[in-house]
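Student: The structure follows.
The values are calculated or read from the model by the stated rules, or taken from the named source; none is laboratory data. Owing to the predicted nature of the structure, the values given are computational and were not obtained by experimental measurement. We place every Cβ from the backbone using ideal geometry, glycine too, and count neighbours over all the protein chains shown. Each accessible area value is taken on the protein alone, full model and side chains, heavy atoms only, with ligands, DNA and RNA left out. Shrake-Rupley method; radii C 1.70, N 1.55, O 1.52, S 1.80 Å.
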Amino acid sequence: MDIARPDRARKLRRRRILIGVAAVVALALGTVALSQLEPAAPSVERATVWIDQVKRGEMLRQVRGPGTLVPEEEQWISASSAGRVERVVVRPGTTVGDRTVLLELSNPELAQEALEAESEVRAAEADYRMLEAQLESQLLNQEGAAEALAADRAEADLQVEANERLASEQLIPELTLKISRMRAEQLARQQAIEGQRLGKLRASNEAQLAARRARLDQQRALWQLRQQQLANLRVVAGMDGVLQEVAVEPGQRVAPGTILAKVAQPDELKAELRIPETQARDVQVGQSVAVDTRNGVVPGRVARIDPAVREGTVTVDVALEGPLPRGARPDLSVDGTIEIERLDDVLYVGRPAFGQAGSRISLFRLSPDGQHAVRVPVALGRTSTNTVEIVDGLAEGERVILSDTSAWDGHDRIRLN
């Protein structure tokens with residue numbers, strides 16, 4: 001028969017409770033331990049990252065930019081008047097002189113205007129000569145009248161002198177002497193008035209002729225302008241050099257000011273570099289430049305810095321100081337490296353993918369065995385084209401990853417395979 005054992009049942013319940021509590025505690029401790037474990041370091045192929053070693057010594061600060069070779073002296077030729085391109089006489093690449101005809105234009109309206117201007121000049125010249133003759137005739141008449149009046153006065157003066165002698169001898173009455181004196185005085189006043197009238201006539205004649213000459217000169221200037229415009233329909237180079245470009249084709253109509261061609265001197269070239277605006281602030285006139293033409297490197301110096309920023313770059317003119325290699329010509333693409341300064345005894349490394357001068361970034365520093373890399377904060381100093389100064393965070397001889405590590409932003413440690 002079965003015997004009741006209540007003590008054993010209590011022991012079994014207590015054991016089950018203890019086992020459950022122990023399981024719950026163990027599960028909680030395991031969860032806490034797992035939460036404190038670091039995630040596994042991602043694996044990275046060593047060949048896919050750029051690794052450089054921190055060095056100490058002289059660091060050359062440089063900035064680099066693309067550019068082109070351009071002539072030191074060039075001339076753009078534009079149309080002085082409207083016209084139609086009849087013929088392209090010279091093609092680009094031809095050596096030309098200052099009077100070499102490049103293009104021939106036509107403008108029938110301009111030719112008609114030139115003929116009309118010439119006719120107006122001829123008519124104005126005839127009018128001027130006729131007015132000059134008329135005024136000269138008037139002046140001669142006035143001078144004749146003045147001469148006659150002068151003769152009458154002289155005669156009156158002689159009469160007064162004779163009457164005074166006769167009156168002193170009481171051969172004529174006193175009244176006769178007074179009449180002769182009055183006539184002489186009247187003629188003197190008339191002569192003075194006539195002299196003033198003659199002077200004013202001369203001044204009036206000169207003013208009329210001056211006004212007519214001004215109109216004549218204006219018409220002559222217009223005629224000369226039309227003649228010059230007709231002559232300019234034969235477009236000339238204007239300087240010795242090589243024709244670089246012809247911007248129009250036969251049959252094309254052009255307006256005044258339209259660019260027709262460009263002539264340059266290909267033997268005297270300079271480089272125009274486009275430097276990023278973030279790097280251009282340290283560029284100064286006189287700094288040394290190495291210009292790579294893909295067929296040789298030519299030394300030069302910064303000659304001019306454009307004050308304006310265009311499309312994120314600053315144009316820097318470089319005067320070339322060495323002979324140009326064969327094949328160098330205008331519009332040839334080049335690369336220029338400008339030497340900013342030399343820094344002595346500084347800690348530096350290759351320039352990372354991200355990070356500006358004076359900023360703080362994080363880089364992966366390799367372990368001594370090169371199997372792992374740990375993220376460390378680094379303070380950057382002055383930058384160059386390919387290198388950057390290390391202010392804090394790295395030591396000489398340490399190796400760091402400089403390529404883009406944004407794919408591992410969530411990790412402070414990576415493993416290199």
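Student: Sort largest first and round to whole Å: the equivalent ellipsoid semi-axes of the range 46-133, each the square root of five times a Cα gyration tensor eigenvalue.
Tutor: Taking √(5λ) for each eigenvalue gives 67, 20, 13 Å, largest first.
Student: Using Cα atoms only, what is the angle between the long axis of helix 108-168 and the major principal axis of the chain, expressed in degrees (0 to 90) to the nearest 10?
Tutor: Tilt of helix 108-168: around 40 degrees.
Student: Say we join alpha carbon atoms closer than 10 Å with springs in a Gaussian network model of the chain; which of D127, D369, D404 then has the biggest fluctuation?
Tutor: D369
Student: Could you tell me the accessible area of S137 in Å² (1.4 Å probe, neighbours in place), rounded to the nearest ten?
Tutor: Approximately 60 Å² for this residue.
Student: Moving on. What does the charge count near K55 come to, summing +1 for each Lys or Arg and -1 for each Asp or Glu among other residues with Cβ under 14 Å from its Cβ?
Tutor: On the way: positive: R56, R351, R399; negative: D52, E58, D344, D345, E389, E396, E398.
That sum, taken over residues with Cβ under 14 Å, equals -4.
Student: As a check on your grasp of the helix formula, calculate [θ] at 222 nm for the chain: sum -39500 (n - 2.57) over DSSP H runs of n ≥ 4, divide by the residue count, round to the nearest 500.
Tutor: On the way: 3 runs with 150 residues, N = 417.
After summing the helix terms and dividing by the residues of the chain, the value is -13500 deg cm²/dmol.
Student: For the range 304-355 and the range 217-257, what is the separation of their C-alpha centers, rounded to whole Å?
Tutor: 40
Student: Would you work out what percent of the accessible area of the range 60-143, with all protein chains in place, is carbon or sulfur (probe 1.4 Å)?
Tutor: Working: 2160 of 4610 Å².
Within the range 60-143, the accessible surface is 47 percent carbon and sulfur.
Student: What part of the accessible area of the range 245-376, given as a whole %, is carbon or sulfur when the probe is 1.4 angstrom? If you can, show how the numbers build up before the last one.
Tutor: Values: 3270 of 7040 Å².
Carbon with sulfur: 47 percent of the solvent-accessible area.
Student: Moving to a separate point now. Which percent, to the nearest 5, of DSSP beta bridges fully inside the chain are antiparallel?
Tutor: On the way: 81 of 83 bridges.
Once the DSSP bridges in the chain are tallied, antiparallel ones form about 100 percent.
Student: Using the Cβ atoms and a cut-off under 14 Å, what net charge is assigned to the surroundings of Q284, where Lys and Arg are +1 and Asp and Glu are -1?
Tutor: That works out to -1.
Student: Something else about it: Select from V25, V246, V283 the residue whose mean-square fluctuation is largest in a Gaussian network model of the chain (Cα-Cα springs shorter than 10 Å).
Tutor: V25
Student: Enumerate by residue number the GluC sites (Glu not before Pro) in the range 100-189 meeting two conditions: DSSP loop (anything except H, G, I, E, B), and at most 14 other Cβ atoms within 10 Å of the site's Cβ.
Tutor: Values: sites: E104, E109, E113, E116, E118, E120, E125, E132, E136, E143, E147, E155, E161, E164, E169, E174, E185; in loops: E169.
Taking the range 100-189 and a limit of 14 other Cβ atoms within 10 Å, the loop GluC sites (Glu not before Pro) found are E169.
Student: Hey, another quick one. Relative to the first principal axis of the alpha-carbon coordinates of the chain, what is the inclination of helix 6-36, with its axis defined by its Cα atoms, in degrees from 0 to 90 and to the nearest 10?
Tutor: 30
Student: Express in whole angstrom the spacing between the alpha-carbon centres of the range 91-121 and the range 122-190.
Tutor: 63
Student: On a 0 to 90 degree scale, rounded to 10, what angle separates helix 174-231 from the longest Cα axis of the chain?
Tutor: The angle comes out near 40 degrees.
Student: Still on this structure, please answer the following. With a 1.4 Å probe and every protein chain left in place, work out the accessible area per residue of the range 178-265 in Å², rounded to a whole number. Write down the numbers at each step before the final one.
Tutor: On the way: 5280 Å² over 88 residues.
It amounts to 60 Å² per residue over the range 178-265.
Student: Candidates (1) 33.3; (2) 58.8; (3) 37.4; which is the computed mean projected area of the Cα convex hull in nm²?
Tutor: It is the value labelled (2).
Student: According to a simple spin-label model (label point 7 Å from Cα along Cα-to-Cβ), what is the distance in nm between R415 and V297?
Tutor: In this crude spin-label approximation the distance works out to 4.4 nm.
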